[in-house]
Amino acid sequence: MSVKKSFEEINEKIKKGTVVVVTAEEVIDIAKEKGIKDATRYVDVVTTATFGPMCSSGAFLNFGHADPPIRMAEVSLNNVTAYAGLAAVDVYIGATEPSKDKGIEYGGAHVICDLIEGKKIHLKATSPGTDCYPRKEIDTYITKDSINEAYLFNPRNCYQNYNAAINTSDRTLYTYMGVLGPNMANINYSTSGELSPLLNDPFLRTIGIGTKIFLAGTTGYVSWQGTQFVNTVARTEKGVPLSPAATLAVIGDLKQMKGEYIKPAVFEKYGTSLFVGIGIPIPVLDEDMMMNLAIENKDIYTQIIDYSVPRRSKPSLGKVSYAELRSGTVTLDGKKIPTAPLSSLSKARQIAAKLKEWIQNNKFTLQEPIKAFDGVTGLNTLEEIPERS
């Protein structure tokens, strides 16, 4: 007889303190030792996590009104431009926005993390002035405690798999995948593999709009499918995509976040990014779910993509497992090539363990999605319209 569980049943176990929670790495040995059916009976929740650069991130801020009031038209925070085309004192600051004076050495990601750390942020704003908002400029300082709202809203995080990057050209490339040396000098990749959230629930049976998550040290939520979400990709027999696929848009209270789980980053000669810590609990609803959760790095593959090709559709030089990538070298065309992760496995393990602790201590219950990601398929491309002669 097959094993079936529900969100409600598992949440009741959390409240009673009888829930069995393990991380996505721990469940692999449990499934091997007990078998899929008995492991399904035994384990209730598996915690997954990732900590890596997620460029499509940013924060909405509401400063509160000055006296006399101002409708902010141009806004800078620590000399980083924030988008003010929302309302009088609402802005959105993007993680990759560079500083006006420091360039990529300080950007939106740094402002966000400085806010989280409780530091003072220099706010400058100008306005043409209106009858109801007569003030034309303001120059002051803010902190996360002095402003009304501050929440992280990231349009594309937590990629379900991502390409490994290589460079076959004879010059060094500076990319969002890090520095790629010439003539296949190195391979960079960015995922926590068997610990990664969307690789453990490849068909997103338990992850959708409304899913409650660990976001940068506090409770967050999945708010929508992430931008560039794709579900029409090639998959392994176990359902794992062989290339970038699903993504998540996530939201959470910036004021409650912890600096140890969110960090600014500078990619040499490329730009600024934001390392975001995300953990997602996956309920063990049945044996099929356990089969997915027991996935190992040796069974998760990605493509080695040549970033020296200046086209969106770059060629693949072959597929590689995360076990091979994690080993430190990959052999390609008879050449041993060193590999390096951009994401932090040790930090992902910390997040999975912290989320496990929260659930065990009844500080975090599961939220069934209020809506699945229906009808999302492939990506459109931006076509250039030629000028008329």
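Results, tabulated for the structure shown:
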item	result
Subset of the stretch 271-307 (residues that are more than 26 Å from GLU324 (Cβ to Cβ) and part of a loop (DSSP other than H, G, I, E, B))	VAL284, LEU285
Evaluation of GLU26 against (1) free of Cβ contacts under 8 Å to residues at least 60 places away in the same chain; (2) assigned by TED's automatic domain parsing to the domain that holds THR211; (3) more than 26 Å from the chain's Cα centre (by Cα) (one fails), failing number	(3)
Residue ID - modelled with the lowest pLDDT, chosen from residues in the stretch 163-195 that are in contact with a helix residue (DSSP H, G or I) (Cβ under 8 Å, 6 or more places away or on another chain) and either outside the structural domain of ALA246 (by TED's automatic domain parsing) or not in a strand (DSSP E or B) (or both)	THR191
All positions within the stretch 333-352 that are in contact with a strand residue (DSSP E or B) (Cβ under 9 Å, 6 or more places away or on another chain) and surrounded by fewer than 16 Cβ atoms within 10 Å (Cβ to Cβ)	ASP333, LYS336, PRO338, ALA340, SER346
Condition broken by ASP67, with the remaining ones in (1) of a type in the set (D, E, K, R); (2) touching a residue at least 60 places away in the same chain (Cβ under 8 Å); (3) part of a loop (DSSP other than H, G, I, E, B) satisfied	(2)
Answer from VAL19, VAL111 - the residue that is in contact with a helix residue (DSSP H, G or I) (Cβ under 9 Å, 6 or more places away or on another chain) and on the phi < 0 side of the Ramachandran plot	VAL19
Single condition ILE93 does not satisfy, out of (1) within 20 Å of ASN157 (Cα to Cα); (2) in contact (Cβ under 8 Å) with a residue 40 or more places away in the chain	(2)
Checking ALA372 against (1) buried (at least 17 other Cβ atoms within 10 Å of the Cβ); (2) farther than 30 Å from TYR174 by Cβ, the condition it does not meet	(1)
Complete set of residues in the stretch 1-23 that are within 15 Å of PRO283 (Cα to Cα) and free of Cβ contacts under 8 Å to residues at least 24 places away in the same chain	GLU8, GLU9, GLU12, THR18
Hits in the stretch 110-145 - residues which are among the small types (Gly, Ala, Ser) and either surrounded by 19 or more Cβ atoms within 10 Å (Cβ to Cβ) or not assigned by TED's automatic domain parsing to the domain that holds ALA95 (or both)	ALA125, SER127
Those residues of the stretch 141-158 which are of a type outside the set (Lys, Arg) and assigned to a strand (DSSP E or B), in sequence order	TYR141, ILE142, GLU149, ALA150, TYR151, LEU152, PHE153, ASN154, PRO155, ASN157
Output for the stretch 255-281, where each listed residue is surrounded by fewer than 23 Cβ atoms within 10 Å (Cβ to Cβ) and in contact with a Leu (Cβ under 8 Å, 6 or more places away or on another chain)	LYS263, PRO264, ALA265
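The values are calculated or read from the model by the stated rules, or taken from the named source; none is laboratory data. As the structure is a computational prediction, the values presented were derived from the model and not from experiment. Cβ coordinates were reconstructed from backbone atoms using ideal geometry, including for glycine residues, and neighbour counts include every protein chain displayed.
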